[in-house]
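To start, the structure itself, in structure tokens.
The values are calculated or read from the model by the stated rules, or taken from the named source; none is laboratory data. As the structure is a computational prediction, the values presented were derived from the model and not from experiment. All Cβ positions, even for glycine, are placed from backbone atoms using ideal geometry, and neighbour counts span all protein chains on display. Quick note on the areas: whole protein, heavy atoms, side chains included, nothing else; ligands and nucleic acids left out. Shrake-Rupley method; radii C 1.70, N 1.55, O 1.52, S 1.80 Å.
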Amino acid sequence: MPGLLSLLRRLRKPQQGEARILVLGLDNAGKTTILTKLSEEDITTITPTQGFNVKSLSHANFKLNVWDIGGQKAIRPYWNNYFESTDALVYVIDSTDQKRMEETGFELGELLEKEKLAGVPLLIYANKQDLLHALTPAEVAQMLNLVQIRDRQWQIVACSARTGDGLTEGLEWLVSMIK
Amino acid sequence: MFGLLHNLFKAIKSRRERRYTVVLIGLDNAGKTTVARHLRGEAASAGATPTFGFNSDVLGKEHGVSAGGGVFSRSLTVEMFDLGGGKNIRGIWGRYYAEVHGVVYVVDAADTDRIEEAAACLADSLKDPHLDGKPLLVLANKQDLPSAMAEADAAQALGLASGSTMAGELGERAFNIVGCTALYELSEEGGRADPRLRRALRWLLGAIGSDWTQLAPRVKSDVVAQKEKDAKELAERKARVAKMREERARRQEE
Ligand SMILES: Nc1nc2c(ncn2[C@@H]2O[C@H](COP(=O)(O)OP(=O)(O)OP(=O)(O)O)[C@@H](O)[C@H]2O)c(=O)[nH]1
Ligand SMILES: Nc1nc2c(ncn2[C@@H]2O[C@H](COP(=O)(O)OP(=O)(O)OP(=O)(O)O)[C@@H](O)[C@H]2O)c(=O)[nH]1
Ligand SMILES: [Mg+2]
Ligand SMILES: [Mg+2]
């Protein structure tokens, strides 16, 4: 799996300037693991995020800042500190956690109503596809009511942060959407 | 008297402003996103990344979209939903059918290996009652490739020709199949838009226009019904989540 940097190098339409990507989702969804994998670093020592992680990548005249925020319930109220000047939103789902599909759909619904995130393109990672009970992207899309979204472009991508499958497909689209 | 005139004026005005909604479906790699870009006048020679969800584009006058002419010329906008065609995302298509006035089914006419799959997928979509009678445009795309099936062969292979399996599903709807090349640089006229594509769109808009008195109220009431259903689901979900949270908080206190 090629990492973020090689993705930036391969972009068909080279981007200019600076962009900010915000990564959100419930705790345990795999946000930090995804970002770590994309940075081609070791994923075995990851612990729940108490605040946030940020990775910055540059290529040519383009700088990409990716913010990964902790998803534990107690931290969620602070998500809105990070909305300012977000160019693209990544929302990570644990596709095996059927019990919390309602909760994560609810949190996502709240996010999409935020004015500061209006019109921002949305990438959903249906993560943990390496596990047996993972729901398919279409199932997740139905359960999260993505089909009701009309005010922005969205994509849902099946991925596994553990194996790296699917990670760059989604991100390539998202980066190409950044204005 | 004034009120009457005012109402009349309003009626004419609302008749002048129309918004059509169409959905682009078809197998992955058929060329839906490329078609959508082409219709928006964007060169799409560099190839598109696959869609795993939902793109929406709005076409207006600047894209050569119009309905009717003369004094009663209308302002028309067309919203296109471009959906992902991959196997594991196709399941969402049906959720858009209630609110569309017409359907564009894109086929890679050069991919003979997958033409049967394309036929089955089309047959499946047309079974949805929400699409009954709605105008259908099939685009036999990628005509620039030497192996591409021409319109007539594509119609046959897709089972749309009379006497074949799907002729029944077509029912009374307005139907057309058009060969085209959505890739800009490869289309005829030295890298300009493929005129067949624009003409095909005009045909679809015309077909929607002639069915409008039936389509418009039907779509409107279907959308209202869908919205009510969605709102109800959302309210139920909110209640469930709130209860879940309460329970969890209580457990933590104990
Ligand atoms: N099997 C499998 N496990 C995964 C995958 N992605 C993440 N995990 C595991 O899920 C757990 C949570 O991953 P994190 O990356 O810490 O999740 P997070 O979303 O950052 O969680 P918070 O920081 O608490 O918001 C870890 O044990 C990961 O190893 C995956 O694709 N497959
Ligand atoms: N030769 C040729 N290639 C085309 C034509 N139209 C599209 N393509 C190519 O076919 C591939 C798929 O096109 P897309 O527009 O992404 O297909 P899609 O139907 O949107 O696919 P999904 O989003 O996966 O459902 C791309 O590489 C396009 O460049 C055409 O008219 N001729
Ligand atoms: Mg984390
Ligand atoms: Mg597409």
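Figures for the structure shown
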quantity	calculated
Segment B:E253-B:S221, extension gain: residue separation times 0.36 nm, minus the distance between their alpha carbons	6.7 nm
Cα Rg, Dmax, chain A, angstrom units	15.0, 44
Inter-label distance, nm, simple model (7 Å from Cα along the C-beta direction), B:F175/B:K87	2.7 nm
In segment B:74-119, trypsin sites (Lys or Arg not before Pro) in a DSSP loop with at most 15 other beta-carbon atoms within 10 Å	B:K87
FRET efficiency, 1/(1 + (r/R0)^6) with R0 35 Å, evaluated for A:N81 and A:T44 via beta carbons	0.75
Span from the segment B:141-156 Cα centroid across to the segment B:189-254 one, whole angstrom	33 Å
Accessible area of B:F52 in the full protein assembly, 1.4 Å probe (Å², nearest 10)	50 Å²
Extension reserve of the A:R9-A:L131 stretch, reckoned as 0.36 nm per residue once the Cα distance is removed	40.8 nm
Accessible area per residue in Å² at 1.4 Å probe, computed on segment A:1-155	46 Å²
Heavy atoms of A:H133 accessible to a 1.4 Å probe, total area in Å² rounded to 10	130 Å²
Size of the B/A contact, given as accessible area buried on both chains, probe 1.4 Å, in Å²	2600 Å²
Gain on full stretching of the segment that runs from B:V58 to B:A231 - 0.36 nm per residue minus C-alpha separation	59.7 nm
Compactness of the protein assembly as shown, expressed as Rg and Dmax over alpha-carbon positions, Å	23.5, 79
Heavy atoms of B:L197 accessible to a 1.4 Å probe, total area in Å² rounded to 10	0 Å²
